[in-house]
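Reviewing the structure listed below.
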Amino acid sequence: MLKKNQVYSAVIEGYSSEGLGIARIDGQVVFVHNAVRGEACDVLILKVLKNTAFGKVTAIREPSPHRVEPDCPYYGKCGGCDFRHMDYEEELWAKRQRVQDALTRLGGSDVTVEEILGAADPERYRNKSQYPIAADGSVGFYRARTHQVTDVAHCLIQKSQADAAAETVRQYIKEYGVSCFDEGTGRGLLRHLYVRTNSAGESLICLLVNGDRLPHEAELVDIIQKHVPKAVGVVLGVNTRPGNAILGDRYRTLWGADTITDTLCGLTFRLSVPSFYQVNRDQAERLYEKAVEFAGLTGKETVLDLYCGAGTITQVMARKAREVIGAEIVPEAIEDAKENAKRNGIENVRFFCGDAAAVAADFAAKSLRPDVICVDPPRKGLAPEVVEAAASMQPQRIVYVSCDPATLGRDVKRFAEYGYRAARAAAVDLFPRTANVETVVLMTRMTPENMMDGGSV
C-alpha cells in the first residue's frame with residue numbers, strides 16, 4: 001500500500017481524462033500532476049484511495065522531449081489549462097488517445113479514431129469568456145476543483161477584448177464599491193462577467209447580477225465604451241438563483257445591441273447571450289465539415305438536428321440536404337436560429353423549441369422518419385429516453401457531436417442496444433491547452449445485410 005507524503009520512482013505511461021499523467025507504482029495506479037508520457041521521475045504521493053492514488057512530480061530523472069516550460073504565470077493556480085507543461089503535439093496525442101479509450105472501453109466499440117484535427121493557433125481562440133467574480137472583487141477563473149477565484153489579468157486562451165473587459169469591471173468594482181456575490185451567504189450583486197467576441201473583433205458584454213440592477217450603470221457603460229475596443233453592447237442578466245449557474249433568466253440592455261453577429265462556414269449568425277455557439281470559430285468550421293461528411297448528404301435527405309442552438313449545424317447541413325429540422329430548449333436560441341436562417345436565405349429548415357427528449361418522442365410518435373439524426377448535446381450527453389426515441393425513428397445514420405468522450409462512450413453503447421454501430425470517428429481540438437476535446441462519431445443502423453459483412457457501410 002502506498003504511503004502519503006512518501007516519494008516513489010515511477011515512469012509515466014499515459015494520461016487520464018483530466019490530463020493527469022498515469023503511473024503504476026507497486027501495482028497501484030497513480031495520477032500524477034505536471035507529468036509527461038515517457039518520463040522517469042520521482043513522485044510525491046499526495047492522496048491515497050482504495051484503488052488509486054494522486055501525486056505530483058518532484059524530480060525528473062529522464063525528461064520527455066515533449067516537456068516545455070509553462071508560458072503562463074497562472075498555470076497551476078488557475079484551473080483553466082491542463083497541458084501547458086507539454087508541447088502541442090503531445091497534447092493532441094493525449095486527446096486522441098482519450099477519445100479512443102472512451103469509445104473502446106466505455107462504448108464497447110471497435111471503431112478507430114481516424115484522426116485528430118489540431119488548431120493552427122492554439123492561443124487566444126475563445127470567443128466566449130465567462131469570468132466568475134469573487135466576493136473580494138477578484139475577476140478571473142476558478143482554481144481546479146474549487147470555487148476559489150484566481151484573479152487573472154491576461155489569459156492566453158481568451159481574446160484580448162475579454163482581458164480588457166475584465167480589467168474594466170475590476171476598476172468599476174473598486175471605484176464605486178460595488179458588492180460582489182458570496183456563494184456562502186448568497187449576498188452581493190455582481191456574480192459573473194460574460195464576454196462574446198466575433199471574428200471581426202467586436203464584443204458583446206453581459207454582467208450577471210444577483211438582483212435587478214447595478215449601481216452607477218451609466219458610468220459602467222461609459223468605462224466599457226472607453227476601454228473595450230469595438231464593444232457593441234452591454235447587457236445586464238438577472239440571476240438570483242442559488243448555486244453556481246452562470247446565465248440569467250431575464251436580460252436588460254444597458255447600452256447598444258443585445259446580440260452580436262459572426263460568420264461561420266460562409267453563413268452569418270446572430271447570437272444572443274444565451275445562444276449556444278462553439279467557442280473556437282475556426283475549429284468549429286472543421287468540426288461541422290466533418291459532421292456533414294459523416295452525414296453523407298446527397299440533397300435528398302431529411303435531417304433532424306437535436307440541440308441545434310442558434311442553428312449552426314442545422315444551416316450548414318441544410319445546404320446539402322432536402323430539409324433539416326432543428327430543436328432546442330432555449331427560446332432565445334430558437335429565435336436566433338429562425339432569424340439566422342432568414343438572414344442567410346435558407347428556406348429548407350424548420351425549428352422547434354422544446355426539450356430534446358420531448359421533441360424526439362413527439363416526432364417518433366408522429367412516425368417522422370428522418371434519414372439522418374444529428375445530436376450535439378451538452379457535456380452530460382443524451383438522456384436514455386432521447387437515445388430510445390432517436391433510435392425508434394430508424395434513421396440510416398446518426399451523427400453524434402460530443403464535447404465529452406466519457407458520455408459519448410456511454411451513449412454509443414446505448415445506441416448499440418438499439419442496433420446502431422459506430423462506423424467512423426474523428427476528434428477535433430476546439431479547446432487547445434485544456435483537457436477538453438470534441439468528437440464526431442457516425443453510427444449506422446445495422447441490417448441483416450451489413451451484419452453479414454461485418455457491419456461495413
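Rule-based calculations on the coordinates, nothing more; no lab input. All of these numbers come straight from a predicted model, not from anything done at the bench. No Cβ is skipped: glycine too gets one built from the backbone with ideal geometry, and neighbour counts run over all protein chains shown.
Within the range 252-366, DSSP assigns beta bridges of which about 40% are antiparallel (rounded to the nearest 5). The distance separating the Cα centre of the range 139-160 from that of the range 107-133 comes to 19 Å. Placing unit charges on the Cβ atoms only, positive for Lys and Arg and negative for Asp and Glu, gives the range 113-216 a dipole magnitude near 280 debye about its Cα centre. The packing ranking, built from the mean of other Cβ atoms within 10 Å per residue, places the peptides 8-14, 18-24 in the order 18-24, 8-14, highest first. Taking a ≥ b ≥ c as the square roots of the eigenvalues of the Cα gyration tensor of the range 222-279, is the shape rounded (a/c under 1.5), prolate (a/b larger than b/c) or oblate? Oblate, because a/c is 1.5 or more while a/b does not exceed b/c.
Reported to the nearest whole Å, the Cα centre-to-centre distance from the range 38-64 to the range 362-387 is 43. Per-residue ellipticity at 222 nm from helix content only, as computed over the chain with -39500 (n - 2.57) for each DSSP H run of at least four residues, stands at -7500 deg cm²/dmol. For the range 7-67, the square roots of the Cα gyration tensor eigenvalues, ordered a ≥ b ≥ c, give a/c of at least 1.5 with a/b greater than b/c, which places it in the prolate category.
Note on the range 315-388: along the principal axes its Cα atoms extend 36, 26, 21 Å, ordered by decreasing extent. Structural descriptor for the chain: relative contact order 12 percent, calculated from alpha carbon pairs under 8 angstrom and at least 6 residues apart. In the distance distribution for the range 147-278, Cα-Cα pairs more than 25 Å apart total 23 percent.
Quick one: divide the alpha-carbon radius of gyration of the chain by 2.2 N^0.38 Å and tell me what you get. Numbers along the way, then the final one.
On the way: Rg = 23.4 Å, N = 457, 2.2 N^0.38 = 22.6 Å.
Compactness ratio reported: 1.04.
Mean separation of Cα pairs under 8 Å and 6 or more residues apart, divided by the residue count, gives the range 7-67 a relative contact order of 31 percent.
Beta bridges assigned by DSSP with both partners in the chain are antiparallel in approximately 65 percent of cases. With both labels modelled 7 Å from their Cα along Cα-to-Cβ, the Asp282 to Ser367 distance reads 5.0 nm. What separates the Cα centres of the range 169-191 and the range 319-352 is a distance of 38 Å. In terms of packing, defined here as the mean over residues of other Cβ atoms within 10 angstrom, the peptides 175-187, 264-276 line up highest first as 264-276, 175-187.
I want the antiparallel fraction of DSSP beta bridges within the range 128-258, as a percent rounded to 5.
Antiparallel bridges make up about 75 percent of those DSSP assigns within the range 128-258.
Farthest towards the positive end of the charge dipole of the range 7-67, among the residues Val7, Thr52, Ser64, is the Cα of Thr52, using unit charges on the Cβ of Lys, Arg, Asp and Glu.
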